[in-house]
1. Given (1) modelled with pLDDT of 95 or more; (2) in contact with a strand residue (DSSP E or B) (Cβ under 7 Å, 6 or more places away or on another chain), identify the lone condition not met by A32.
2. Looking only at residues that are in contact with a helix residue (DSSP H, G or I) (Cβ under 7 Å, 6 or more places away or on another chain) and over 18 Å from T39 (Cα atoms) in the range 97-111, which one is surrounded by the most Cβ atoms within 10 Å (Cβ to Cβ)?
3. Could you please tell me which pairs satisfy a Cβ distance under 9 Å, a separation of 6+ or placement on different chains, a first residue in the range 56-80 that is in contact (Cβ under 8 Å) with a residue 24 or more places away in the chain and closer than 17 Å to C35 by Cα, and a second residue that is among the polar types (S, T, N, Q) and open to solvent by 60 Å² or more (accessible area, probe 1.4 Å)?
4. Out of the residues in the range 74-95 meeting the condition of being touching a Gly at 6+ places or on another chain (Cβ under 9 Å) and open to solvent by less than 50 Å² (accessible area, probe 1.4 Å), tell me which one is farthest from E120 (Cα to Cα).
5. Quick one: is E61 surrounded by 12 or more Cβ atoms within 10 Å (Cβ to Cβ), within 16 Å of the chain's Cα centre (by Cα) and of a type in the set (D, E)?
6. Inspect the range 5-12 for any residue being at pLDDT below 90, part of a strand (DSSP E or B) and open to solvent by 30 Å² or more (accessible area, probe 1.4 Å) and give the result as yes or no.
Amino acid sequence: MIMKSLLICCGALCAAVTFATPFLILPDRGFAVGCQAWTFNRFSVFEAIDKTAEAGGKVIEFYPGQKLSKEQPDIKFDHNASDDIIAKVKAKLAEKGIRAVNYGVVGIPKEEAGARKVFEFAKKLDLTASLRIGGIHRRD
């Protein structure tokens with residue numbers, strides 16, 4: 001009976017981690033757990049990175065439209081971000097030892113140029129796991 005209860009609890013924990021928390025097996029760090037930036041949606045991207053690091057997270061999933069920083073609240077971080085903004089976010093990630101692994105939920109435009117913009121953004125961020133597209137988690 002105790003073993004059955006333990007297995008049920010472990011299964012529930014695995015499901016919660018799988019569906020609610022980005023995670024990745026990193027060659028240089030082993031199993032890494034982090035946050036979806038939506039967890040900190042009342043904060044900026046930079047604050048979300050800080051809070052993920054403070055909580056011990058090693059990976060983060062960004063979502064489209066989060067404000068960049070307290071100092072620049074009018075700048076939203078998404079696949080329309082300039083190379084300069086992407087470089088600032090990558091520098092902050094490096095400073096805190098966090099790796100961006102996912103981005104979404106984001107709609108993929110039907111025309112090639114719009115779709116390419118989303119995937120190029122993912123490439124510039126060196127996303128290693130997946131994009132969340134239209135509510136469906138897809139690995140690329």
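The values are calculated or read from the model by the stated rules, or taken from the named source; none is laboratory data. Model, not experiment: these values are computed from the prediction. Glycine also receives a Cβ, built like all others from the backbone with ideal geometry; neighbour counts cover every protein chain displayed. The area values use the complete protein model at the heavy-atom level, side chains included, leaving out ligands, DNA and RNA. Shrake-Rupley method; radii C 1.70, N 1.55, O 1.52, S 1.80 Å.
1. With (1) modelled with pLDDT of 95 or more; (2) in contact with a strand residue (DSSP E or B) (Cβ under 7 Å, 6 or more places away or on another chain) applied to A32, the lone miss is (1).
2. Here the residue is I108.
3. Filtered contacts from the range 56-80: V59/T128; P64/N80.
4. Applying the filter and picking the extreme gives F77.
5. It is true that E61 is surrounded by 12 or more Cβ atoms within 10 Å (Cβ to Cβ), within 16 Å of the chain's Cα centre (by Cα) and of a type in the set (D, E).
6. no
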